[in-house]
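The values are calculated or read from the model by the stated rules, or taken from the named source; none is laboratory data. Fair warning: this is a prediction, and the values are worked out from it, not measured in the lab. Reconstructed Cβ throughout: ideal geometry from the backbone, glycine too, with neighbour counts over all protein chains shown. Each accessible area value is taken on the protein alone, full model and side chains, heavy atoms only, with ligands, DNA and RNA left out. Shrake-Rupley method; radii C 1.70, N 1.55, O 1.52, S 1.80 Å.
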Amino acid sequence: MNKVVANADEAVRDVSDGATIMVGGFGLCGIPENLIRALVRKGVKNLTTISNNAGVDGFGMGLLLSAGQIRRHIGTYVGENKLLEQMVLQGQIQLDLVPQGTFSERIRAGGAGIPAFFTPTGVGTVVAENKETREFDGRLYLMERALKADFALVKAWKGDKWGNLVYRKTARNFNPMMATAAKITIAEVEHLVDVGELQPDMVHTPSVFVSRVFQGELYEKRIEKRTVRRVASGQ
Amino acid sequence: MSMASKVGKDLDKRERIVKRIASDLRDGFYVNLGIGMPTLVANYVPAGMDVILQSENGMLGIGPYPLEGSEDADLINAGKETITEIKGTAYFSSADSFAMIRGGHIDLSVLGAMEVDEEGNLANWMVPGRTVKGMGGAMDLVAGARRVIIAMEHTTREGQPKILKQCTLPLTGVRVVDTIVTEMALIQVTPKGLVLEEIASGLNANEVQRVTEPTLIISPNLRVMES
């Protein structure tokens with residue numbers, strides 16, 4: 001079994017117009033840079049994207065936005081994106097904002113065979129509109145539905161040729177759940193290794209979830225807010 | 001007032017608020033600090049006390065900002081700022097992070113607010129007519145944390161109350177706030193209403209009431225807010 005593809009372009013060969021695509025990452029941390037660029041090159045349109053944020057203007061998913069490829073975006077926070085703001089106001093894009101915990105759990109449920117679940121998050125707020133509310137043990141909960149996709153574009157630190165994946169630090173975020181919740185999961189990794197090189201106890205995403213894997217290149221790994229501390233004077 | 005002295009006053013206010021909140025920390029607490037003023041609470045954790053900070057994007061044990069040149073693009077907090085690890089740091093997925101939050105495992109959540117009302121309702125994510133940025137993790141935090149403390153200035157820039165009889169802005173959570181800490185006062189939310197427990201030195205209860213919309217219940221143990 002060999003799930004390795006040559007590059008990002010080959011990995012997205014069967015993505016077509018109108019597809020629903022999950023994209024990993026929190027801000028710009030842990031985003032599949034190569035796969036995003038490949039989608040831009042491919043020019044597929046009318047996409048529904050599912051991602052916590054929407055990149056920044058000119059980088060990450062911001063590239064798909066400015067190329068006019070996204071019709072609908074489901075996420076939790078899009079504050080850093082002026083272009084998205086404009087496109088929403090002009091009716092060019094439909095934006096669905098979901099509380100981050102609900103968003104995470106909807107995706108996890110999507111991959112785990114759970115069609116719906118109850119959460120206390122959003123009870124009494126606009127999030128609760130048009131949703132079933134039920135009481136359990138004296139507390140109100142909202143029913144939320146699972147979220148699934150045609151494709152999941154996932155970024156990992158290391159992956160083997162079967163698609164076992166290991167993530168690094170806070171670049172993990174939504175990648176593990178998204179890897180389980182799509183018909184086809186494509187993983188780009190910084191280090192592609194032979195089967196047997198990853199420690200079994202250290203695997204974060206078992207290979208069963210991954211359809212295609214390839215080694216990424218030219219990672220910019222942009223930092224949104226470079227915050228530093230000063231060395232105390234006298235040192 | 002000069003710009004410099006205004007900035008000085010604002011810093012003063014914030015410091016007073018976050019110092020007071022920090023004095024409620026206990027050894028072994030797992031705490032989530034919201035973006036903005038709440039992050040400053042981390043600067044006042046008492047020496048020798050272990051307080052483990054949780055970041056919604058999948059990290060337990062947040063360290064200080066890195067030294068220049070040591071920034072790691074894979075290591076950021078909920079505000080997308082570069083940070084470092086501590087001894088005992090752990091990483092996990094966003095689903096696990098919010099299971100931790102929603103499942104009641106976080107001792108304390110400190111957040112900012114636009115409005116808080118008499119019932120403890122909180123509005124801190126959206127102003128209609130202004131761009132909608134999204135609610136991020138705030139709704140989950142207030143729904144799940146064992147205790148919710150609001151860190152905010154007592155009034156708006158125009159001097160209007162932020163503590164209201166009823167929130168006018170879209171809510172983040174219903175009856176979620178336990179304690180409000182401003183530069184003027186510490187107020188507990190109780191089933192009977194808002195109880196004024198502490199006041200900043202130099203102020204009296206009337207001055208606080210004048211800039212607070214609902215009627216405050218004055219605690220029999222009313223004391224000076226230490227910081």
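Using a loss threshold of 40 Å², tell me which positions in segment B:119-153 are less accessible in the complex than in their chain alone. Probe radius 1.4 Å, ligands and nucleic acids ignored.
Going by heavy-atom accessible area, the residues of segment B:119-153 that drop by at least 40 Å² are B:T131, B:K133, B:M135, B:G136, B:M139, B:D140, B:A143.
Compare each residue of segment A:213-230 in its chain alone against the assembly with all protein chains, and report those whose accessible area goes down by 50 Å² or more; 1.4 Å probe, heavy atoms.
Checking the loss per residue gives A:I223, A:K225, A:T227, A:V228, A:R229.
Can you list residues from other chains, or at least 5 along the same chain, whose modelled amide H is less than 5 Å from the amide H of A:R229?
The answer is B:L67, B:E68.
Report the A-B buried area as the accessible area lost on both sides summed, probe 1.4 Å, in Å² to the nearest 100.
Values: alone 12360 and 12200 Å², together 20620 Å².
Rounded to the nearest hundred, the buried surface is 3900 Å².
Over the whole of A:76-83, what's the average partner chain Cβ count within 10 Å per residue? Rounded to a whole number, please. Mind showing how you got there, number by number?
Details: counts 10, 9, 5, 5, 2, 2, 1, 0.
Per residue, the number of nearby Cβ atoms from other chains is 4 on average.
When Cβ neighbours within 10 Å are restricted to other protein chains, what is their mean count per residue of peptide A:17-29?
Values: counts 0, 0, 0, 0, 0, 0, 0, 1, 1, 9, 7, 3, 9.
Neighbouring Cβ atoms belonging to other protein chains average 2 per residue here.
Under the definition of partner shielding as Cβ atoms of other protein chains within 10 Å of a residue Cβ, what is the mean value for peptide B:98-104? If you can, show how the numbers build up before the last one.
Numbers: counts 10, 4, 1, 4, 8, 0, 1.
For this peptide, the per-residue mean of nearby foreign Cβ atoms is 4.
Quick check: at a probe of 1.4 Å, how many percent of the accessible area of the protein assembly as shown sits on carbon and sulfur atoms? Spell out each step's value before the answer.
On the way: 10050 of 20620 Å².
Here carbon and sulfur together make up 49 percent of the probe-accessible area.
Taking every DSSP beta bridge that has both residues in chain A, what percent is antiparallel when rounded to the nearest 5? List each step's numbers first, then the result.
On the way: 13 of 42 bridges.
Rounded to the nearest five, the antiparallel share is 30 percent.
Would you mind classifying the protein assembly as shown by shape? Square roots of the alpha carbon gyration tensor eigenvalues, ordered a ≥ b ≥ c; an a/c under 1.5 is rounded, otherwise it is prolate if a/b is larger than b/c and oblate if not. Mind showing how you got there, number by number?
Values: a/c = 1.97, a/b = 1.68, b/c = 1.17.
It comes out prolate by the Cα gyration axes.
How much accessible area per residue does the protein assembly as shown have, in Å², with a 1.4 Å probe?
Working: 20620 Å² over 462 residues.
Here the residues of the protein assembly as shown average 45 Å² of exposed surface.
Mind running the shape call on segment A:149-188? Use the C-alpha gyration tensor, a ≥ b ≥ c as the square roots of the eigenvalues: rounded below 1.5 for a/c, prolate if a/b tops b/c, oblate otherwise. Walk me through the intermediate numbers first.
On the way: a/c = 2.45, a/b = 1.29, b/c = 1.90.
Oblate, because a/c is 1.5 or more while a/b does not exceed b/c.
Ignoring everything except DSSP H segments at least 4 long, calculate the 222 nm mean residue ellipticity for chain A; use -39,500 (n - 2.57) per segment, divide by total residues, nearest 500.
Numbers: 6 runs with 46 residues, N = 235.
Value at 222 nm, helices only: -5000 deg cm²/dmol.
Give me, ordered by chain and number, the residues 5 or more places off B:G63 or on other chains with an amide H under 5 Å from its own placed amide H.
For B:G63, the qualifying residues are B:T84, B:E85, B:I86.
Any idea what angle helix B:3-22 forms with the longest principal axis of chain B, computed on alpha-carbon atoms, 0 to 90 degrees, nearest 10?
80
Quick one: Karplus J couplings for segment A:5-22, per residue in order, coefficients 6.51, -1.76, 1.60, θ = phi - 60°, nearest Hz, x for Gly and Pro?
Result, ordered by residue: 10, 5, 6, 5, 5, 5, 4, 9, 4, 9, 6, 10, 3, x, 5, 9, 10, 8 Hz.
My understanding is that a pair violates if its Cα-Cα distance is over 32 Å; which of A:K42/A:K161; A:K155/B:K162; A:K82/A:K131 do that in this structure?
As for pairs spanning more than 32 Å Cα to Cα, those are A:K155/B:K162.
Rounded, prolate or oblate: which one fits chain A, using the alpha carbon gyration tensor with axes a ≥ b ≥ c (rounded when a/c is under 1.5, else prolate when a/b beats b/c, else oblate)? Spell out each step's value before the answer.
Numbers: a/c = 1.31, a/b = 1.24, b/c = 1.05.
Verdict is rounded for chain A.
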